[in-house]
Amino acid sequence: MRQIEADLIKKAVKNLCLEANFYLRKDVLEALKKASQSEESLLGKDILQIIIKNAELAAEKKLPLCQDTGSTSVFLEIGQEVNIVGQSLEEAVNEGVRQGYKQGFLRNSMVNDPLFRRQNTADNTPALVYSEVVPGDNLRIRVMPKGAGCDNVSRLKMLKPGDGVAGVKKFILETVKNANGRACPPLVVGVGIGGSFEMAPLLAKKSLFRKLGEPHPDQKVSRLEEELLNEINRLGIGPMGIGGTVTALGVAIEITASHIASLPVAADISCHSLRSAETKL
Amino acid sequence: MVKKLKTPLSEAEIYTLKIGDRVLLSGVVYTARDQTHKRLVEALKKGKHLPFPLKGQVLFYAGPTPASAGKVVGSIGPTTASRLDSYTPLLLERGLKGMIGKGSRSPEVKEAIKENSAVYFLAVGGAGAYLAEYVKKAEVIAYEDLGPEAVYKLEVRDFPVIVAIDAFSSDLFQEGPLKYQR
């Protein structure tokens with residue numbers, strides 16, 4: 001067994017919170033630069049240039065890219081030969097988030113209960129922690145802060161198997177149309193297909209970690225990604241929803257087995273400020 | 001075309017604005033989000049005074065990140081305006097003239113904007129570090145217990161916005177996309 005100190009995890013999570021919020025992902029920045037070239041609307045072009053300038057300023061001044069520094073999702077891939085010592089894993093992750101948000105002057109956006117008191121927990125915890133056990137003796141940590149503007153328009157639908165590819169497309173396009181300007185387009189659309197009622201959204205979320213422009217290895221799926229991206233960009237929604245030819249920067253699909261009677265589809269909508277960072281211990 | 005405007009806004013100025021106009025706003029704006037709106041509207045309904053005057057004023061739907069040492073404000077940018085739609089008509093009736101947010105508004109809000117000669121501005125979302133450059137002063141003046149949802153009195157200079165719904169009921173969120181649908 002390889003031992004990993006909880007303290008190391010804490011520090012890693014803290015640093016990843018800072019990195020994700022201050023430095024826009026390279027692939028996202030590249031996609032924005034391309035979009036600012038191709039966008040036909042002048043106002044849309046202006047908006048994209050502001051977004052690019054924002055990324056430069058945020059990095060230079062160590063300011064959050066967006067004031068909504070999000071709820072903090074933390075994905076852990078724990079090698080089965082790893083033994084974590086010193087503290088509970090979940091506590092270590094939460095402490096990392098707490099320290100990161102404090103040190104980086106990031107906004108605390110979590111409330112203790114969603115329905116009754118809605119009191120701000122004042123340290124952005126609890127983090128949303130997803131763990132899986134994998135072969136090996138490493139611990140992979142991936143952090144994704146995500147704002148509510150785009151999370152609030154994400155959707156899940158249990159389609160009928162007979163709805164097929166056309167049904168999936170229709171649902172994704174409807175979701176993007178409904179999101180409109182509210183989710184800060186140009187969007188990145190993470191799609192999860194298959195699994196079950198709870199698994200499809202998780203797949204959709206995970207797909208947002210994939211590098212923009214990197215197609216799914218299965219050609220049937222990558223073709224669907226490409227078709228969806230083209231169709232989304234023909235909607236005309238444009239940057240910030242006021243019209244334009246770039247409504248999405250990318251579509252990433254993850255797909256897995258499902259029940260003979262099911263076709264779950266989830267669309268996890270990300271704003272243009274798609275933030276994530278990862279490390280391996 | 002870029003227009004320069006100072007807050008508070010007059011009706012005469014508002015009538016010169018058309019959707020798609022780029023505007024640089026200067027002067028005082030107040031931040032207000034969900035919980036703040038709830039409190040403001042409750043206060044109005046009970047006939048109580050508000051913590052700031054509404055007449056001619058501009059609300060910025062925003063909750064900044066905390067300012068680090070020596071900074072006026074952290075990152076600041078618009079939140080989704082439609083969440084506040086149910087509160088907005090009453091505020092407009094009571095003298096509110098401008099709103100800065102992101103995303104489209106309800107038909108009721110559009111109607112109230114027209115009836116009360118007001119304007120809804122779009123600011124670029126997810127560009128909080130950029131927009132913070134145009135905020136010259138920031139002070140919490142009410143509801144401090146709400147954390148990021150407290151009311152900040154901001155002094156802005158040449159704060160860049162786009163007219164999204166004008167006083168004539170034109171809506172950039174409807175008209176803009178129509179031009180680019182293929």
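The values are calculated or read from the model by the stated rules, or taken from the named source; none is laboratory data. These numbers come from a predicted model, not from an experiment. Quick reminder, even Gly has a Cβ in these numbers, built from the backbone with ideal geometry, and neighbours come from all protein chains shown. Areas reflect the complete protein model, heavy atoms only, side chains present, ligands, DNA and RNA absent. Shrake-Rupley method; radii C 1.70, N 1.55, O 1.52, S 1.80 Å.
Quick notes on this one:
- Check on residue A:274, within 14 Å of chain B (Cβ to nearest Cβ) and over 14 Å from the mean Cα position of the chain (by Cα): no
- The condition of being within 21 Å of residue A:63 (Cβ to Cβ), touching a Leu at 6+ places or on another chain (Cβ under 7 Å) and surrounded by 14 or more Cβ atoms within 10 Å (Cβ to Cβ) holds for only one of A:96, A:149, A:104, that being A:104.
Condition check ((1) in contact with a strand residue (DSSP E or B) (Cβ under 7 Å, 6 or more places away or on another chain); (2) in a loop (DSSP other than H, G, I, E, B)) across all residues:
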| site | (1), (2) |
| --- | --- |
| A:226 | no, no |
| A:232 | yes, no |
| A:254 | yes, no |
| A:268 | yes, no |
| A:275 | yes, yes |
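- For residue A:57, the criteria (1) on the phi < 0 side of the Ramachandran plot; (2) open to solvent by 40 Å² or more (accessible area, probe 1.4 Å) hold in every case but one, which is (2).
- Among residues of the stretch B:39-65 being within 20 Å of the chain's Cα centre (by Cα) and open to solvent by 50 Å² or more (accessible area, probe 1.4 Å), the one that is nearest to the other protein chains (Cβ to nearest Cβ) is B:39.
- Residues located in the stretch B:66-110, provided they are open to solvent by 10 Å² or more (accessible area, probe 1.4 Å) and more than 14 Å from chain A (Cβ to nearest Cβ): B:86, B:87, B:89, B:90, B:93, B:94, B:95, B:97, B:107, B:108, B:110
- Check on residue B:135, β-branched (Val, Ile, Thr) and either open to solvent by less than 20 Å² (accessible area, probe 1.4 Å) or within 27 Å of residue A:187 (Cα to Cα) (or both): yes
- Close pairs (9 angstrom Cβ cut-off, 6 or more residues apart or separate chains): in contact (Cβ under 8 Å) with a residue 40 or more places away in the chain and farther than 26 Å from residue A:185 by Cβ in the stretch B:103-117, of a type in the set (D, E, K, R) and open to solvent by 30 Å² or more (accessible area, probe 1.4 Å) anywhere: B:117/B:11
Let's see how each residue does on (1) touching an Asp or Glu at 6+ places or on another chain (Cβ under 8 Å); (2) touching a residue at least 24 places away in the same chain (Cβ under 8 Å):
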{"position": "A:36", "(1), (2)": "no, no"}
{"position": "A:40", "(1), (2)": "no, yes"}
{"position": "A:52", "(1), (2)": "no, no"}
{"position": "A:57", "(1), (2)": "yes, no"}
{"position": "A:68", "(1), (2)": "no, yes"}
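- Within the stretch A:190-210, residues that are in the same structural domain as residue A:229 (by TED's automatic domain parsing) sit with their Cβ atoms under 8 Å from residues that are basic (Lys, Arg) and not in a helix (DSSP H, G or I), at 6+ positions apart or across chains, in these pairs: A:209/A:142.
- Inclusion of residue B:113 among residues that are of a type in the set (Val, Ile, Thr) and crowded, with 17+ Cβ neighbours inside 10 Å is warranted.
- Hits in the stretch B:139-148 - residues which are open to solvent by 40 Å² or more (accessible area, probe 1.4 Å) and not hydroxyl-bearing (Ser, Thr, Tyr): B:139, B:140, B:141, B:144, B:145
- Here the condition is being more than 14 Å from chain B (Cβ to nearest Cβ), assigned to a helix (DSSP H, G or I) and closer than 30 Å to residue A:234 by Cα; of A:90, A:56, A:30, it holds for A:30 alone.
- The conditions of being within 17 Å of the chain's Cα centre (by Cα), farther than 22 Å from residue B:37 by Cβ and either touching a residue at least 12 places away in the same chain (Cβ under 8 Å) or within 13 Å of chain A (Cβ to nearest Cβ) (or both) are not met by residue B:164.
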